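In what follows, a single structure is set out as structure tokens and then discussed.
The values are calculated or read from the model by the stated rules, or taken from the named source; none is laboratory data. Note that the structure is predicted; figures quoted are calculated from it, not measured. Don't worry about glycine lacking a Cβ; one is built from the backbone with ideal geometry, like all the others, and counts go over all protein chains shown.
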Amino acid sequence: MSEFKGMVEVTEKLFYYLDTFDINSGRETAREILLNELRKDVVEKKMRSVRSTYLYEKGAREYYAKYGTKNEF
């Protein structure tokens, strides 16, 4: 479901930005560039989310190991 939401967001942004261009031969080139950049943005956003979760869990494990506690972090 999250991937679908991401694609809807990309599509909405793409049409928003494309509305600023006149309809001509350059519009297709702009469309490809914008689509590639928006896809990259979605991937980077997902990676930041995964990375932050991983770092939080890693920090919790280190804390538990250091102080000999469990599930108190």
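Taken over the range 17-60, residues that are assigned to a loop (DSSP other than H, G, I, E, B) and in contact with a helix residue (DSSP H, G or I) (Cβ under 8 Å, 6 or more places away or on another chain) amount to 1. Any residue at all in the range 61-68 that's at pLDDT below 85 and outside any helix (DSSP H, G or I)? Yes, because at least one residue in the range 61-68 is at pLDDT below 85 and outside any helix (DSSP H, G or I).
Is at least one residue of the range 2-12 touching a helix residue (DSSP H, G or I) at 6+ places or on another chain (Cβ under 8 Å), β-branched (Val, Ile, Thr) and modelled with pLDDT under 85? Yes.
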